[in-house]
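Each remark here refers to the structure printed beneath this line.
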Amino acid sequence: MKKFVLFTITLIGFLTAAAFALDHSQMHEMMMEQGGHKTDSRTELKMPEPMKVMHKEIMRKHMDTVSEITAALAGNELERAAAIATKDLGWSDMQEKMCAMFGDSAGDKDFFALGKAMHTKADALADAAVKGDRDKALTYLSQLVKKCNACHERFRH
Ligand code: HEC
């Protein structure tokens, strides 16, 4: 019995190690497929930690807003989709100030331009939705998400 328990424990240990080794080699393979070891070459937003925390909160809110707009469009609630897009993502004095402030910390004009491109896409989406054109609004939604990522590809914390 003692031998059996010992054998089982050894076996479990061995399998766990094998599973880890497999994960590790799979991970290595994936990294190689992506072009090997890379450093993050995106431009850093040089701001104090509390500002980073605030910025990330805003980002998560953006993600939530995209989800709410998607749900409204899926439910054919076009007025609601438009209202959310305008209020939470549309271009405004407030958004302009925010994008300018975060852009300054990156020391790169592209940040502001990429931010504005994303927010104005939300306005285009709202316009299409108000006019009852759900297909067009959905096309803008897809383009909006691409605009989010265009900035993520250029900038980091
Ligand atoms: C003008 C630049 C810019 C735009 C536009 C932008 N983001 Fe970001 N976002 C960033 C940066 C910079 C980070 C930090 C990324 C990093 O350090 O890896 C970030 C991080 C995030 C994160 C991670 C938050 C966390 O808690 O870690 C989410 C989610 C996110 N963005 C969602 C969005 C969504 C959704 C949109 C579009 C509706 C969007 N972002 C548009 C710059 C941008």
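Read-outs throughout are calculated quantities, based only on the coordinates presented, and are distinct from any laboratory measurement. Note that the coordinates shown come from a computational prediction; the quantities given were computed from them, not determined experimentally. Glycine gets a Cβ as well: all are built from the backbone with ideal geometry, and neighbour counts include every protein chain shown.
Residue by residue through the stretch 141-157, which ³J(HN,Hα) values in whole Hz follow from phi under the Karplus form 6.51 cos²θ - 1.76 cosθ + 1.60 (θ = phi - 60°), with glycine and proline marked x?
4, 4, 5, 4, 4, 4, 5, 4, 6, 4, 6, 4, 6, 9, 10, 9, 7
Counting other beta carbons within 10 Å of each residue's own, what order do VAL66, VAL130 fall into, fewest first?
VAL130, VAL66
Treating only the Cβ atoms of Lys and Arg (+1) and Asp and Glu (-1) as charged, compute the dipole magnitude of the stretch 43-156 about its Cα centre; round to the nearest 20 debye.
It comes to approximately 200 debye.
Zone of THR43 (label point 7 Å along Cα→Cβ, backbone N under 18 Å): which residues in the stretch 106-137?
Those under the cut-off are 106-119.
Which of the residue pairs LYS61/LYS116; LYS38/LYS146; LYS52/LYS131; LYS38/LYS147; LYS52/LYS121; LYS109/LYS146 have a Cα-Cα distance greater than 27 Å in the structure shown?
From LYS61/LYS116; LYS38/LYS146; LYS52/LYS131; LYS38/LYS147; LYS52/LYS121; LYS109/LYS146, over 27 Å: LYS52/LYS131.
Identify, among MET51, ALA128, TRP91, the residue whose Cα sits farthest towards the positive end of the charge dipole of the stretch 43-156, taking +1 on the Cβ of Lys and Arg and -1 on the Cβ of Asp and Glu, with the dipole about the Cα centre.
The residue sitting most towards the positive pole is MET51.
Take the Cα atoms of the chain, find their three principal axes, and give me the spread along each one in whole Å, biggest first.
75, 41, 31
Applying the Karplus parametrisation 6.51 cos²θ - 1.76 cosθ + 1.60 with θ = phi - 60° to the phi angles of the stretch 104-115, what ³J(HN,Hα) value in whole Hz is obtained for each residue in order, glycine and proline being reported as x?
4, 5, 8, x, 9, 5, 4, 4, 4, 4, 5, x
If you add up the charges near SER142, with Lys and Arg at +1 and Asp and Glu at -1, over every other residue whose beta carbon is less than 15 angstrom from its beta carbon, what do you get?
Here the charged neighbours net out to +3.
Would you kindly calculate the translational diffusion coefficient of the stretch 20-90, applying Stokes-Einstein with the Kirkwood radius from alpha carbon pairs, for 20 °C and a viscosity of 1.002 mPa s, and quote it in µm² s⁻¹ without decimals?
Translational D for this selection: 135 µm²/s.
What is the set of long-range amide H partners of HIS157 at a cut-off below 5 Å, with H atoms built 1.01 Å from backbone N?
Long-range HN contacts for HIS157: LEU45.
Taking the beta-carbon count within 10 Å as an exposure proxy, list LEU78, LEU144, LEU125 from fewest neighbours to most.
So the ranking, lowest neighbour count to highest, is LEU78, LEU144, LEU125.
Where Lys and Arg each count +1 and Asp and Glu each count -1, what net charge lies around ASP40 among other residues with Cβ under 12 Å from its Cβ?
Taking every Cβ under 12 Å from that of ASP40, the sum is +2.
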